[in-house]
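Since every read-out is calculated from the coordinates, none of them should be taken as a lab result. Bear in mind that the values here come from a model prediction, so they are computed numbers and not experimental data. Virtual Cβ from ideal backbone geometry, glycine too; neighbours counted across all protein chains shown.
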Amino acid sequence: MSEMTRRNVFAAAAAAGGLMTVAAANAPQALAQTQAGAVPSPLDGKELPSFRFALGAEKPKMMDGGHTKEQTAVNFPVSQSIAGVLMTLQPGTLRELHWHSNAAEWAYVIKGRCRITIIDPQNHSQTVDFGPGDVWYFPRGFGHSIQSLGPGDCEFLLVFDNGYFSEFATFSITDWLAHVPQEVLAKNFGVPAATLAGFPKREVYMVKGPVPPPLPADPAPGSLDVGSRTHRYRLLAQRPKTYPGGSIRLASMREFPISTTMTGGLMRIKPGGLRELHWHPRADEWQYYLSGRTRMSVFGSRGRSRTDEFGPGDIGFIPRGYGHYIENIGNEDVVVVLAFNNGIYESISLTAWMASNTPLLLGTNFEVPESTFANFPKGETTMPG
Ligand code: MN
Ligand code: MN
């Protein structure tokens, strides 16, 4: 091998190494192309991956005035389409004015109280207080803030309809203004540049402040420019649909019209109760377990199924179209927050499907006498107990 050839080989190897580094750095983007068929999906293997992610075991990111834990497609690759964040704010702490370019934001308040402000593209704005069991929905790109009202910390769950969303890659007002020359800001706001001298030179993200006064019970005449659709839905206050095995509350676009890309829910499963075998043809399902112990089994075709146990602080994910069921395996009620990445809620019940076919067909299908099906349910059971 001549010296020149050897040098070329080294150069080629170095170039290849460099490319591999770039490829590794782009791994999340590459995975994002899964549905386009560019790279293998985490669901393509001979065995199904776990559909459980222990958010409770994650180390919180501590900040002045609060903390967060985050699940994305990077730390939980099966959840390509949905990300979740658990956030806690101390009384008065403000999650600063920001927006998300790549996801809508759905939230469920677990404890405490907080106030949100939001603006939409028609310049309608809303300022609303939230308490436990309340849900919000912010369409992609709408500017918003969240402030804890006390007494006590406010804890809430954020769910985003993009697995590659990151709570730490949002568009923050301080970050933007820190990167605009002061003379431009002076012109923009029509104030002397000196007025802006004290603005932070970095992203604030979370900041401690005074607890704001209560909102007026009756807004002053002419003081509001609110759109026709509210951003708040009182999910826990909704009368649930009840079944022998538990109850379900849902906030789809039908109950909560602004929630066009997501459906939220709160499901309670009694001890011994079962969320029956079913699937969702046009939505992925994301879950956050608040209490109790369950076993969830997911069927992924080609002889593959996966069963995991879930407890408080765990996230579950079920890809669209995958069959599943959930059993309460403990002595206390299971309470789980549900989120689907479709504003229209729909599911297909295996029992209803079988009931819609004749015993003759079922007998042939299962290779048993048709009398076997005499006492099967005549339709969807949802949650047998
Ligand atoms: Mn947000
Ligand atoms: Mn389901």
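Assign one of three labels to the chain, namely rounded, prolate or oblate, based on the Cα gyration tensor with a ≥ b ≥ c the square roots of its eigenvalues; rounded applies when a/c is under 1.5, prolate when it is not and a/b is larger than b/c, and oblate otherwise. Oblate. Taken over the C-alpha atoms, segment 237-385 has Rg and Dmax values of 16.1, 50 angstrom. Relative contact order of segment 309-385, taken over Cα pairs closer than 8 Å and 6 or more residues apart, is 24 percent. Estimated from helices alone, the mean residue ellipticity of the chain at 222 nm is -4000 deg cm²/dmol (sum of -39500 (n - 2.57) over DSSP H runs with n ≥ 4, per residue). Distance between the C-alpha centres of segment 319-385 and segment 235-307: 13 Å, rounded to the whole angstrom.
Shape analysis of segment 151-223 places it in the oblate category; the axes a ≥ b ≥ c from the Cα gyration tensor give an a/c of at least 1.5, with a/b not above b/c.
State whether segment 134-265 is rounded, prolate or oblate according to the following rule on the C-alpha gyration tensor (a ≥ b ≥ c being the square roots of its eigenvalues): a/c under 1.5 gives rounded; otherwise a/b larger than b/c gives prolate, and the remaining case gives oblate. Prolate. Checking the cross-link filter: which lysines have an alpha carbon closer than 21 Å to that of Lys378, excluding same-chain neighbours under 8 positions apart? Cα-Cα hits under 21 Å: Lys241. Measuring between their Cα centroids, segment 47-100 and segment 148-171 lie 7 Å from each other. Sparsely packed loop sites in segment 258-358 (the trypsin sites (Lys or Arg not before Pro) outside DSSP H, G, I, E and B with at most 15 other Cβ atoms within 10 Å) comprise Arg282, Arg302, Arg304, Arg320. Straight-line cross-link partners of Lys59 among the aspartates and glutamates, defined as a Cα under 18 Å from its Cα and at least 8 positions apart when in the same chain: Glu70, Glu155, Glu167, Asp314.
Here Lys201 is the anchor, and the lysines within straight C-alpha reach of less than 25 Å, apart from those fewer than 8 places off in the same chain, are Lys61, Lys187.
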